[in-house]
Amino acid sequence: MRTIISFAALFLSVILLQLSTGGVGPLDAISGITLNFTTEQIGLLGSSHFLGFFIGCWWAPRLMGNVGHSRAFAVCTALGAMGLIGHTLTENPYIWAALRVASGTCVAGAYTVIEAWLNAKVTNETRGRAMGTYRIADMGASLCAQLIIAVLPPASYVSYNLLAILCCASLLPLTLTKASQPKTPDAPRLKPGLAWRSSPLAVAGVIVAAVSSASFRMVGPVYGQEVGLAVDQIAFFLASFVMGGALAQYPVGWLADKYDRRWVLIWLSAAAVLSCGVTMAASGTGTIGVMSAAVFFGLTTFPIFSVSSAHANDFATSEERVELSAALMFWFALGAIASPYITSTLIQKFGPGALFAFVAFGHVFLIVFGLARMRSRPTPEERTNYVYAPRTSFTIGRLLKRSRENLKN
């Protein structure tokens with residue numbers, strides 16, 4: 001019973017945290033439009049978030065080692081709440097960018113604590129159910145966070161304070177649970193070169209996944225505004241992308257387990273190029289056309305990170321998998337830091353279609369690189385299980401490691 005209560009507390013904290021931090025990105029973009037920020041400044045806010053995310057991924061395991069799980073989670077959520085409330089004190093985009101570093105640190109740090117705690121509590125018997133519930137809680141709350149923006153007025157004291165309240169509320173379930181805190185795990189060593197040695201194609205895949213996801217989620221509101229969507233419609237536009245990504249996980253996972261994962265990546269990228277073209281073409285077809293295109297874009301781009309991660313794990317030993325997961329997250333973070341600012345600059349110079357032209361270019365590169373890599377070495381005879389890999393922290397590999405261990409011929 002204590003284990004069940006402990007899981008419930010963790011999942012409720014995940015939901016409240018995601019509702020808060022998942023909403024700040026689109027809210028900042030829409031607020032920036034309202035306050036006449038330049039497109040480049042709005043892109044800078046997204047890049048700053050992922051800079052904070054990278055800092056949090058690196059710092060949080062060490063913070064847990066010094067002060068424990070509950071206090072580390074409290075520190076991270078305090079940073080997130082301060083970053084949100086700070087938005088109401090000024091309308092300077094560069095100060096907002098600094099505040100977004102704090103919110104990004106909160107996201108990565110809090111997820112590091114939750115995943116380390118969850119990993120210590122699950123057993124072989126409960127792992128599958130726990131991970132399934134965790135995925136549903138995370139993606140469901142992410143979807144709802146996009147929808148919240150439809151009812152929150154941009155650049156408003158009320159909006160940012162409501163998100164700050166949700167961030168603070170995420171403290172309550174985890175800190176009030178009577179379950180004992182687990183032993184603090186060692187921080188995974190960060191070896192970016194391990195990912196490249198395991199699979200250069202996987203590294204390219206996670207970077208392209210970062211370009212697709214970070215550009216859309218952080219700069220997508222600018223595109224929506226440019227093509228004539230209202231604020232509430234922009235929220236549904238972003239939610240459509242998340243829903244498409246959620247729907248794609250099981251069919252893509254089946255394909256990735258049945259066929260050569262390099263071909264799955266290549267065909268996903270080809271479909272992503274098509275979805276970019278469809279999205280640009282749909283800009284003049286009305287709201288339903290734009291929303292449907294966003295679902296298609298999520299279907300084709302969201303699973304690329306998980307397929308790339310599975311492919312890299314096929315070439316790694318069991319002892320390397322935790323560090324490999326951290327290395328892949330490192331490359332994802334680098335791509336996510338750079339892409340919102342680059343995309344926003346391109347939109348400012350060439351118009352809203354530049355967002356999807358930039359993403360399409362990344363996927364064309366992945367297709368060419370994938371075809372070249374297929375000539376370098378054969379696919380391994382024994383492969384790991386495909387699992388949905390959340391992009392949450394450097395420690396997620398511990399939760400996923402045993403799920404991959406059931407090797408398939």
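The values are calculated or read from the model by the stated rules, or taken from the named source; none is laboratory data. All values derive from a computational prediction rather than experimental measurement. Reconstructed Cβ throughout: ideal geometry from the backbone, glycine too, with neighbour counts over all protein chains shown. The accessibility values were calculated without ligands, DNA or RNA, using every heavy atom of the protein model including side chains. Shrake-Rupley method; radii C 1.70, N 1.55, O 1.52, S 1.80 Å.
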Run the helix sum for the chain: -39,500 (n - 2.57) per DSSP H stretch of 4+ residues, divided by residue count, reported at 222 nm to the nearest 500 deg cm²/dmol. -26500 deg cm²/dmol
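Cα gyration tensor of the range 13-89, axes a ≥ b ≥ c as square roots of the eigenvalues: rounded (a/c below 1.5), prolate (a/b > b/c) or oblate? Display every interim value, and only then the final one.
On the way: a/c = 2.66, a/b = 1.99, b/c = 1.34.
Prolate shape, in that a/c is at least 1.5 and a/b is the bigger ratio.
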How large is the accessible surface per residue of the chain, computed with a 1.4 Å probe and reported in Å² as a whole number? 39 Å²
Compare C57, C106, C168 in a GNM of the chain, Cα atoms joined below 10 Å, and give the one with the largest fluctuation. C168
Which distance in Å, rounded to a whole number, links the C-alpha centroids of the range 309-331 and the range 332-395? 17 Å
From the list (i) 24.7, 85; (ii) 20.9, 72; (iii) 20.0, 58, can you say which value of Rg and Dmax of the Cα atoms in Å was derived from the structure given? (iii)
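Relative contact order for the chain: what is it in percent, counting Cα pairs under 8 Å that are at least 6 residues apart? Walk me through the intermediate numbers first.
Working: 707 pairs, mean separation 102.9, N = 409.
Relative contact order for the chain comes out at 25 percent.
Mind ordering 129-138, 295-304 by average Cβ neighbours within 10 Å, highest first? Could you put the intermediate results ahead of the total?
Values: 129-138: 16.6, 295-304: 25.3.
Top to bottom by mean Cβ count within 10 Å: 295-304, 129-138.
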Around V264, under 10 Å between beta carbons, what's the net of Lys plus Arg minus Asp minus Glu among the other residues? +1
Taking Lys and Arg as +1 and Asp and Glu as -1, residues besides P93 with C-beta under 13 Å from its C-beta add up to -2
How much of the accessible area of the range 43-86, in percent, comes from carbon and sulfur atoms when a 1.4 Å probe is used? 72 percent
Take the alpha carbon gyration tensor of the range 308-409, find the square roots of its eigenvalues, order them as a ≥ b ≥ c, and report rounded if a/c is under 1.5; if not, report prolate when a/b exceeds b/c, else oblate. oblate
I need the peptides 306-312, 115-121, 259-265 ranked by packing, meaning the mean over residues of other C-beta atoms within 10 angstrom, with the highest value on top. 306-312, 115-121, 259-265
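Carbon and sulfur atoms: what percent of the 1.4 Å accessible area of the range 168-306 do they account for?
Values: 3640 of 5470 Å².
For the range 168-306, the apolar C and S fraction of the accessible surface comes to 66 percent.
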